[in-house]
1. E236's amide H: which non-local residues (gap 5+, or another chain) put their own amide H closer than 5 Å, with H modeled 1.01 Å from N in plane and none for Pro or chain starts?
2. With a 1.4 Å probe and every protein chain left in place, work out the accessible area per residue of the chain in Å², rounded to a whole number.
3. Antiparallel versus total DSSP beta bridges in the chain: what percent is that, nearest 5?
4. Return the distance in nm (one decimal) between the two label points of a simple spin-label model at R210 and E79, each offset 7 Å from Cα along Cα→Cβ.
5. Roughly what % antiparallel, to the nearest 5, for the DSSP beta bridges in the stretch 52-194?
6. Which percent of the accessible heavy-atom area of the chain goes to carbon and sulfur, probe 1.4 angstrom?
7. Which whole-number percent is the relative contact order of the stretch 52-136 (Cα, under 8 Å, 6+ apart)?
8. Figure the gain on full extension for E56 and A37 (residue separation times 0.36 nm, minus the Cα-Cα span) and round it to one decimal in nm.
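The values are calculated or read from the model by the stated rules, or taken from the named source; none is laboratory data. This one's a predicted model, so the numbers in the text were calculated from it and none came from an experiment. Quick reminder, even Gly has a Cβ in these numbers, built from the backbone with ideal geometry, and neighbours come from all protein chains shown. When the accessible area is computed, the model is the full protein with side chains, heavy atoms only, and any ligands, DNA or RNA have been set aside. Shrake-Rupley method; radii C 1.70, N 1.55, O 1.52, S 1.80 Å.
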Amino acid sequence: MEFATLRDKALSYREWLLARKQEIDAGFDWYPFDTLANVLHLDGLLSEDNRNVFGELAGRRIADIGAADGDLGFFLESELGCHIDVVDTAAPNYNRLRGARLLAESLGSSAEIHDVDLDNQFALPAEHYGAVLFLGLLYHLRNPFYVLETLARRSDLCFVSTRIAQLSPDHGTRLAEQPVAYLLHPTEANNDPTNYWIFSEAGLRRLFERTGWEVLDFTTVGCRTDSDPAAQDRDERAFALLRSRWAQDR
């Protein structure tokens, strides 16, 4: 399936799921942000043969990691017949994973919901995945190197997004071309103490390389000129499709 077709189906599913959530429980504290809008960024990311990558994942096992309520995973299950593991840490999850569990039950989904603390040494629910969805989570982790290396050993592909920066917060140091990361103060970005490491683009690419991934596609969105790690109006996000270097041995 070409990605433009999947994108349109996902956007239609987004409207259906929003209405379905209201039918299930209009007063429930659903995750308030539009996770299915990630398909628009993936549409800008994927090029050439990679635009058919989700068709190749049909029927395979996928982990939706840091999934909020699991909207994207539930869509891939319904549209492509993927076997979905929703993986998140309950404590910082917006509704402590109750939303994902309520959706799985109400939709008659066979997706499995797993409370996994990614900030400690962890075990994934399955030995092998065709792909992991790892969108908007990396900068919330204390140990991003360990997590990415663990995923590379267990998954063929990874769809990842994270915040990056070109300048230091005071704009006195240019970071973009250096393989570095900036460690945020607990209140420095959106007053959110779960924000930790903001990589430069060069630092993020070096991290992918050192943890066992090959970059197949890469793009950025948001503030593409003089982004910084903390200011809301200078937020730049990187999106990448990665292939594990261990995949050829499996």
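1. I164, C223, D228
2. With the other protein chains kept in place, the chain gives 46 Å² per residue.
3. Numbers: 21 of 40 bridges.
Once the DSSP bridges in the chain are tallied, antiparallel ones form about 50 percent.
4. Placing both labels 7 Å beyond Cα along the Cβ direction yields 3.6 nm.
5. 5
6. The C+S portion of the solvent-accessible surface of the chain is 45 percent.
7. Relative contact order, the stretch 52-136: 36 percent.
8. 4.7 nm
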